[in-house]
């Protein structure tokens, strides 16, 4: 299924994408007062986007703040919180998914008409085939169910593609998930990296056996950093005896996933015919377009090519990423994107940009002396943070006093060597940095 889309020649794929892009921009112009006003403010209208360069010159048209304001405006003017960039009739919105709203009101970022949900079925069909899964095999769903894009849309897509679904959800908790896994022996486990690692720790306590005896052959992780970090990949794959895939999927028909090889660099774009992502790179500070070359680092903007409910045009999600244009060793010739971190999570310590995911990678390399769980503690609003930067790290329960002192010193030294900033490592007991009921473990603690 994915091979048909990716077998197009570069010229044929470019032509297809430009046709879809022009049609999508015209659709948004006609149906959304917000997009129409934003394009007009940029001095553009649909007929002006004739070439790829015309599109690249457009500014950022949507971000989280604009999205939140759009929802507030539609609530006040239209009586619903679906945003002024909603392009479908509210009655045609079949599924509503959003963010957690940890910084205020949730943003209902992912809206789907019934036609959009067919595209979700398509993208997961490509992802599952990429992982080597076959219809009829069992899938244990461990993502959060409530209002998340990895909840109802994903479970529906699994059923529609013919998989046997075990819909536990992260809310079920580690004990129930492990018991379901023991009973049904799924071939694929889906969940956040934090949850997947947490199950490694809990399995001997709950089942009296390691996760390697549950028959899980493949693991798909998403929702937070971790699954692409080499130390985390090795730990998970060794513990389960399974292939680990890191991915992003579900919103606006985006499907991006790592390959199975240890050489894998970045998420392979499986739906370039439905999404512009790795091809639209901008400078993180100025938002000026950047040339997309091998290894280029910038913010990736997202544009849907065939979405009906609430399409995204030049959407800045805040992800800073590295883009690879060369052929992957697995044979994949399309774009690959490696997420470095979120711009709004980045802190600056004495001129050094620090991404929580990078710190997580260093901490993960010290497992099993620590659990891998960590939090950067911010005492003032980012991006600037005082030196040394406080970092909480869960240590292994069996370490003695001398071993704890050594671990603290070694962690601080490794962070300084690899990431070029000074850390004040605060060792905490196992279990103190808990996984949330959505299966996530926040990497930043705001203490201000």
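Values as computed for the structure displayed
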quantity	calculated
Selection status of residue 243, more than 28 Å from residue 95 (Cα to Cα) and in contact with a strand residue (DSSP E or B) (Cβ under 7 Å, 6 or more places away or on another chain)	yes
Checking residue 140 against (1) outside any helix (DSSP H, G or I); (2) more than 30 Å from residue 330 (Cβ to Cβ); (3) modelled with pLDDT of 95 or more, the condition it does not meet	(2)
Those residues of segment 70-100 which are farther than 24 Å from residue 306 by Cα and not in a loop (DSSP other than H, G, I, E, B), in sequence order	72, 73, 75, 76, 77, 78
Every residue from segment 39-54 that is free of Cβ contacts under 8 Å to residues at least 24 places away in the same chain and part of a helix (DSSP H, G or I)	39, 40, 41, 47, 48, 53, 54
Matching residues in segment 240-270 - criterion: being modelled with pLDDT of 95 or more, crowded, with 24+ Cβ neighbours inside 10 Å and part of a loop (DSSP other than H, G, I, E, B)	258, 270
Residue selected from segment 412-431 under the condition assigned to a loop (DSSP other than H, G, I, E, B) and in contact (Cβ under 8 Å) with a residue 40 or more places away in the chain, by the criterion surrounded by the most Cβ atoms within 10 Å (Cβ to Cβ)	421
Options 372, 439, 341; residue that is within 21 Å of the chain's Cα centre (by Cα), touching a residue at least 60 places away in the same chain (Cβ under 8 Å), crowded, with 17+ Cβ neighbours inside 10 Å and closer than 30 Å to residue 286 by Cβ	341
Number of the exception - residue 132 against (1) surrounded by fewer than 18 Cβ atoms within 10 Å (Cβ to Cβ); (2) out of contact with any strand residue (DSSP E or B) (no Cβ under 6 Å at 6 or more places or on another chain); (3) without any contact (Cβ under 8 Å) to a residue 40 or more places away in the chain	(3)
Residue list for segment 293-316, restricted to those being touching a strand residue (DSSP E or B) at 6+ places or on another chain (Cβ under 7 Å), in contact (Cβ under 8 Å) with a residue 40 or more places away in the chain and either surrounded by fewer than 18 Cβ atoms within 10 Å (Cβ to Cβ) or not in a strand (DSSP E or B) (or both)	297, 305, 309, 310, 311, 312, 313, 314
Qualifying positions in segment 203-217 - surrounded by 13 or more Cβ atoms within 10 Å (Cβ to Cβ) and in a helix (DSSP H, G or I)	203, 206, 211, 212, 213
Residue 162 vs. criteria under 18 Å from residue 120 (Cα atoms), out of contact with any helix residue (DSSP H, G or I) (no Cβ under 7 Å at 6 or more places or on another chain), assigned to a loop (DSSP other than H, G, I, E, B) and at pLDDT 95 or above	yes
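To keep it simple, each residue is scored yes or no on (1) under 29 Å from residue 195 (Cβ atoms); (2) in a strand (DSSP E or B); (3) in contact with a helix residue (DSSP H, G or I) (Cβ under 9 Å, 6 or more places away or on another chain).
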residue	(1), (2), (3)
372	yes, yes, yes
377	yes, yes, no
381	no, no, no
393	yes, yes, yes
399	yes, no, yes
403	yes, no, no
406	no, no, no
410	yes, no, no
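The values are calculated or read from the model by the stated rules, or taken from the named source; none is laboratory data. Because the structure is a prediction, the values reported are computed rather than measured. No Cβ is skipped: glycine too gets one built from the backbone with ideal geometry, and neighbour counts run over all protein chains shown.
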